[in-house]
Structure formats: C-alpha cells, structure tokens
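First up is the structure itself, then whatever we jot down about it.
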Amino acid sequence: MEIDLGANAFGIDFHPSTNLVAAGLIDGHLHLYRYDSDSSLVRERKVRAHKESCRAVRFIDDGQRIVTASADCSILATDVETGAKVAHLENAHEDAVNTLINVTETTIASGDDKGCVKVWDTRQRSCSHEFNAHEDYISGMTFASDSMKLVVTSGDGTLSVCNLRTSKVQSQSEFSEDELLSVVIMKNGRKVICGTQNGTLLLYSWGFFKDCSDRFVDLSPNSVDTLLKLDEDRLITGCDNGILSLVGILPNRIIQPIGSHDYPIEDLALSHDNKFLGSTAHDSMLKLWNLEEILEGSNGNSGNASGAAGDSDSDNDEMDLDNDPSKSSKGSKRKTKSKPNTLNSTNNFFADL
C-alpha cells in the first residue's frame, strides 16, 4: 500500500492498538490515515499542526492523542478523534525540535538542533529533565526502561547515555569518524547499534560506551538515516539510497532487501501488530509493507557474510562503567534554522488552549 502525501513526511507513527498511521509533513500538516490489509490507505484527518515543518510524530495516552514536534520550536498535542488541538507548548526548545520519542506512559523526550534533550511529564505538563551533552543536532534517541536511561545520538559524532534517575549524563562516547544518525538497543540490552553518515553500523557494548566494539561495514556506501528494531537479533535499516533492508546483528549480515523508495528514507515505524512496516522518504510517499509476507522467505536465510571486525557476543555484561563523560569540542550544525523570539518559561508543558 502507498499514498502520495503531497509533501515530504519527516515522521510517522502507528496507533498502539488500531489500524491508524500518522505522518508529519514538511509543510507543518499532520495527516492521519486508516489502513486495512485488503484496501488502500484512506485519509481520516488533515490538521495544520505547525507553522514550520513537522519533524516528529508520536501517539500518546493509549492512542488518544498525537504529539508532534516542529522546526518552529513547538510541541503540540492533537486529539485523535476530533483533530482538535488539545495542548500546545510554543517554546519547548530554544531551537528547532528534531526528534521525539515515548519514554514511559506519562513521559516523552524531545531533542533539538542545538543538542539539547528534554524529558516532559505529560501529567504535570512540565519539563522534568534537561540534558546538554551535545554540540550539534540530536539525530536519534531510544530508551532503556530497565535502567531508566536515554541513549542519544548526535550530529557531533558522539553517543550519550542520560540517566533519568540522577538527571545526569552518565556516559559519552569518543568522537566517531562521522555523524551518528540513528540508534537502537538490541541483544536484550547488551548492544547499542548506531547508523552513521558513511554507511557503517557501529556496535557499542552496554557499559563500554567510549568506543564501539564492532563495525558492520558491508551494509551500504550511503548514510544509514534510520534504524528500526524488529526483535533482539534483527533490525530494519533505511538508507540515503532509498533502500530498506533487513539486517541481522551478531552475526552481522544483510538478511534480505525489503523494498525501496526513489529518494532517501526519512522514517520507519511498525504497526501495533507488527504486520506492517511504514516508511516515508523524500519522494512524498507513505508506504506500508506487509512484513508477514516479506519475512516468510527470510527464515533460514543466512544472508551476506559479516562485515564486522568480530561477531562474538560475549562482552562482559557489567553495566555503566563509563562514568566520566566529557564535553565534545567538535561539530558544526548540519541544519541551520532561524530561532523565534523567546517567549515565557518552557517549564509549563502543553498550556491549555
């Protein structure tokens, strides 16, 4: 299934329990679509959510609301049923908001083009944590729920681990050779995988974040813009050449191609039942891929040979050994956005409309 959105989509997300998918567009609009296995995508709603590009989209509150983040520095909550604007934080960040993830049932995290990460309590409607470990845009975030830690990647070429219990940056990697663009946690929390601009996947062992433990170099000569965890051993990559691939981790291998867009992949998401993979790219297309059909042929497929320095998964499981993060001195912004005039305090989350 696919549909032309009429403009490039930066972010997508699936409803946690029903067949709905949301897309945030470069023109600031939020689109909501209903899908079915035997029919095409049908648009349920179109909302002008932001003045500038809508860069990230997440369903919250068991799918009752959609939260969007924008280049206009704001975060907005929209009611799924009515399309009404429920709450709005006009000045969530001092710079364009680039990433947004669900942390817990009542918290979300956002990252901006200046390298700032904030965690928001949606009940108290306030900023509960703020981290400033990076000097360039936040490209990706993921959450380790068992240890209450955010893992963050940045255009400055570093990865950081932010501890929500202590409100401190617990670890930060050395500079990689290139920008880090995406991140997932795999192998039951033992491995952190990062996509880079030069196409290499960097594998970090949990608790040893100063430098990567493995490199998978055979994936793509193009940047790995987005990663999506399928299970503890497999992930889906979206690259600058428009190709989606199913990739195995430890042993590192390309299991099979999934599909492609004509232009660079922007975002990936899985449906609530893991039946569909959603993808957006710079071709203005939203595509839904039937993963059940695609993965039928991948069982037992050994894929390509590993491109890593080593495939061993026997790292020491000791946690959090890198306890002396250092500020980076490298990095200039890849994205330059104009900053709006500063309004009132950003500590009031989602001021009622």
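The values are calculated or read from the model by the stated rules, or taken from the named source; none is laboratory data. Keep in mind it's a predicted model, so treat the numbers as computed, not measured. Here Cβ is always computed from backbone atoms with ideal geometry, including for glycine, and neighbour counts include all displayed protein chains. To get the accessible areas, we keep the full protein, side chains included, count just its heavy atoms, and leave off ligands, DNA and RNA. Shrake-Rupley method; radii C 1.70, N 1.55, O 1.52, S 1.80 Å.
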Note to self: Is it the case, given these coordinates, that residue 114 is of a type in the set (Lys, Arg), open to solvent by 50 Å² or more (accessible area, probe 1.4 Å) and either in contact with a Leu (Cβ under 8 Å, 6 or more places away or on another chain) or within 23 Å of residue 31 (Cα to Cα) (or both)?
What the structure shows: no
Check: Here are 108, 66: which of them is under 22 Å from the mean Cα position of the chain (by Cα), farther than 25 Å from residue 155 by Cα and in a strand (DSSP E or B)?
Finding: 66
Checklist line | In the range 3-36, residue nearest to the chain's Cα centre (by Cα) [restricted to those that are open to solvent by 60 Å² or more (accessible area, probe 1.4 Å) and in contact (Cβ under 8 Å) with a residue 60 or more places away in the chain] | finding: 16
Check: Is the range 18-39 home to any residue that is polar (S, T, N, Q), out of contact with any helix residue (DSSP H, G or I) (no Cβ under 9 Å at 6 or more places or on another chain) and at pLDDT below 95?
Finding: yes
Check: How about the range 242-276: which of its residues are open to solvent by 60 Å² or more (accessible area, probe 1.4 Å), in a loop (DSSP other than H, G, I, E, B) and either hydrophobic (A, V, I, L, M, F, W, C) or closer than 18 Å to residue 216 by Cα (or both)?
Finding: 251
Note to self: Going residue by residue through the range 178-197, is there one that turns out to be open to solvent by less than 10 Å² (accessible area, probe 1.4 Å), aliphatic (A, V, I, L, M) and farther than 20 Å from residue 225 by Cβ?
What the structure shows: no
Next item on the list: Any chance you could count how many residues in the range 58-91 are open to solvent by 40 Å² or more (accessible area, probe 1.4 Å) and small (Gly, Ala, Ser)?
Entry: 1
Checklist line | When residues of the range 202-225 are limited to those that are without any contact (Cβ under 8 Å) to a residue 60 or more places away in the chain, in a strand (DSSP E or B) and under 18 Å from residue 246 (Cβ atoms), the one most open to solvent (accessible area, probe 1.4 Å) | finding: 225
Margin query: closer than 18 Å to residue 127 by Cβ, of a type outside the set (D, E, K, R) and at pLDDT below 95: is that true of residue 88 in this structure?
Written below: yes
Next item on the list: Considering each residue of the range 231-259, count those that are out of contact with any strand residue (DSSP E or B) (no Cβ under 6 Å at 6 or more places or on another chain) and closer than 11 Å to residue 184 by Cα, and give that number.
Entry: 1
Next item on the list: State which residue is most open to solvent (accessible area, probe 1.4 Å) when the search covers only the range 155-172 and only residues that are under 14 Å from residue 204 (Cβ atoms) and in contact (Cβ under 8 Å) with a residue 60 or more places away in the chain.
Entry: 170
Next item on the list: Output yes when any residue across the range 291-314 is polar (S, T, N, Q), at pLDDT 65 or above and more than 20 Å from residue 59 (Cα to Cα), and no when none is.
Entry: no
Next item on the list: Kindly indicate whether residue 178 is within 19 Å of the chain's Cα centre (by Cα), modelled with pLDDT under 95 and in a loop (DSSP other than H, G, I, E, B).
Entry: yes
Note to self: Tally up the residues in the range 143-190 that are within 17 Å of residue 266 (Cα to Cα) and out of contact with any Asp or Glu (no Cβ under 9 Å at 6 or more places or on another chain), please.
What the structure shows: 2
Next item on the list: Considering only residues that are hydrophobic (A, V, I, L, M, F, W, C) and surrounded by fewer than 23 Cβ atoms within 10 Å (Cβ to Cβ), look in the range 37-55 and name the one that is farthest from residue 288 (Cα to Cα).
Entry: 47
Item checked: Residues that are out of contact with any strand residue (DSSP E or B) (no Cβ under 6 Å at 6 or more places or on another chain), surrounded by fewer than 17 Cβ atoms within 10 Å (Cβ to Cβ) and more than 20 Å from residue 157 (Cα to Cα), drawn from the range 117-143 -> 123, 124, 125, 126
